[in-house]
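Here the structure is laid out as structure tokens; the discussion comes afterwards.
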Amino acid sequence: MRVFSTALAITFAITILPLVAQSAACDRACLAGVMTRYLESLVAHDAKAAPLAANVRFTEDAKELPVGQGLWATASKLTPFRTDFLDAREGVAATHAVVEENGTPILLAARLKVVDRRITEIETIVVRNQQEGALFNPAALAQPSPAMVTAPPRAELMPREQMIEMALRYPGGLRVGSFEKSDVPFAANAYRLENGVRMAGPGCTFRPPSCENMRSQQLPTLAGIVAHIVAVDEENGTVLLWMDFGPGSLPGPPPPKSLVTFEAFKIYGGQVHAVEAMFEGMPANTASGWR
């Protein structure tokens, strides 16, 4: 009997436990599907249509709200613009999207934490106009940027830690006022898109032609900037950071505000090829829902 019990336990460990782990895991396709169901639940005004965990926590513009409120109550349509950042190792699905609210396009950045295929955390930034975002041009975001959504050649994909180190050179450059000093290796045709406005790279609109070269572009010095990793999509060569640009990043009357962003970096072949951000002015020292 003891031998039979031992054999049964070994059989269970070999055959059943891997199946349980497989059912709970969520790969890139699974994470993309979870994001789709979440976005569809917004326009359906039905939070129960999303795969939410019983203990899910939801923030919109850094304010904790009951599930079902916020954009769930007002979203009216999904548009074709959607760029996902899928981190299967950490169970994170994030996106930049344009959503219509009562027929008007708005910008949405969202992060979902997924555990056992259920959403346990939802962190969102919703930008409705230029007053909120400083920059605002959703009309320019008709389709996802090919540079951001096209997977790099496999031979040019980089290890996760190298991608993270390279992405963090970007806020490092803002901290000292120079991407050259922080040695951000921008590709020759690298660009930066902020809330739909092309702020750097070929075709830039911010003080051309000086904005065309991202590495030498004149920058403010934002010594108080803070950043942390949101998602690393190793197959697509993208890193998504949450950043608070800190004091001085958004001038205006008191109380002081700073730019808070979900900023994405396309990184492969040892270079940064594209930067795309969605950001909003928020009260100084706004905490992220991530931490």
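The values are calculated or read from the model by the stated rules, or taken from the named source; none is laboratory data. None of these values were measured; they are calculated from a predicted model. Here the Cβ is made from the backbone with ideal geometry for all residues, glycine too, and neighbour counts use every protein chain on show.
Name the residues in region 30-87 that are over 14 Å from V126 (Cβ atoms), in contact with a strand residue (DSSP E or B) (Cβ under 6 Å, 6 or more places away or on another chain), among the charged types (D, E, K, R) and surrounded by fewer than 20 Cβ atoms within 10 Å (Cβ to Cβ), would you?
Matches in region 30-87: R57, K77.
Is it true that some residue in region 95-103 is outside the structural domain of M243 (by TED's automatic domain parsing), touching a residue at least 24 places away in the same chain (Cβ under 8 Å) and out of contact with any Lys or Arg (no Cβ under 9 Å at 6 or more places or on another chain)? Spell out how you get there, then give the answer.
Within region 95-103, the subset outside the structural domain of M243 (by TED's automatic domain parsing) is 95-103.
Next, from what is left, pick out any that are touching a residue at least 24 places away in the same chain (Cβ under 8 Å): 95-103.
From the residues that got through so far, the ones that are out of contact with any Lys or Arg (no Cβ under 9 Å at 6 or more places or on another chain) too are 102.
Taking every residue of region 95-103 in turn, at least one turns out to be outside the structural domain of M243 (by TED's automatic domain parsing), touching a residue at least 24 places away in the same chain (Cβ under 8 Å) and out of contact with any Lys or Arg (no Cβ under 9 Å at 6 or more places or on another chain).
Which condition from (1) under 21 Å from F136 (Cα atoms); (2) touching a strand residue (DSSP E or B) at 6+ places or on another chain (Cβ under 9 Å); (3) surrounded by fewer than 22 Cβ atoms within 10 Å (Cβ to Cβ) is the one that E234 breaks?
Here E234 clears every test but (1).
If you go through region 258-268 one residue at a time, how many are in contact with a Pro (Cβ under 7 Å, 6 or more places away or on another chain) and either on the phi > 0 side of the Ramachandran plot or of a type outside the set (F, W, Y) (or both)? I'd like the intermediate steps shown before the answer.
Filtering region 258-268 for residues in contact with a Pro (Cβ under 7 Å, 6 or more places away or on another chain) gives 258, 268.
From what's left, either on the phi > 0 side of the Ramachandran plot or of a type outside the set (F, W, Y) (or both): 258.
Residues that pass the stated criteria total 1.
Can you confirm whether R57 is more than 19 Å from I106 (Cβ to Cβ), touching a Ser or Thr at 6+ places or on another chain (Cβ under 9 Å), among the charged types (D, E, K, R) and at pLDDT 95 or above?
When the stated conditions are applied, R57 passes them.
Restricting attention to region 254-291, which residues are assigned to a strand (DSSP E or B) and surrounded by fewer than 16 Cβ atoms within 10 Å (Cβ to Cβ)? Spell out how you get there, then give the answer.
Let us first name the residues in region 254-291 that are assigned to a strand (DSSP E or B), namely 257-268, 271-283.
Residue satisfying the conditions is P283 alone.
Starting from region 189-205, take each residue that is not assigned by TED's automatic domain parsing to the domain that holds Q131 and list its partners that are β-branched (V, I, T) and surrounded by fewer than 21 Cβ atoms within 10 Å (Cβ to Cβ), counting only C-beta distances under 6 angstrom and pairs at least six apart or across chains.
Once the first residue is not assigned by TED's automatic domain parsing to the domain that holds Q131 and sits in region 189-205, its partners that are β-branched (V, I, T) and surrounded by fewer than 21 Cβ atoms within 10 Å (Cβ to Cβ) give R198/T205.
Can you say whether L250 is among the aliphatic types (A, V, I, L, M), over 17 Å from the mean Cα position of the chain (by Cα) and under 18 Å from L222 (Cα atoms), as far as the supplied structure shows?
On the way: among the aliphatic types (A, V, I, L, M): yes; over 17 Å from the mean Cα position of the chain (by Cα): yes; under 18 Å from L222 (Cα atoms): yes.
Judged against the criteria, L250 is a match.
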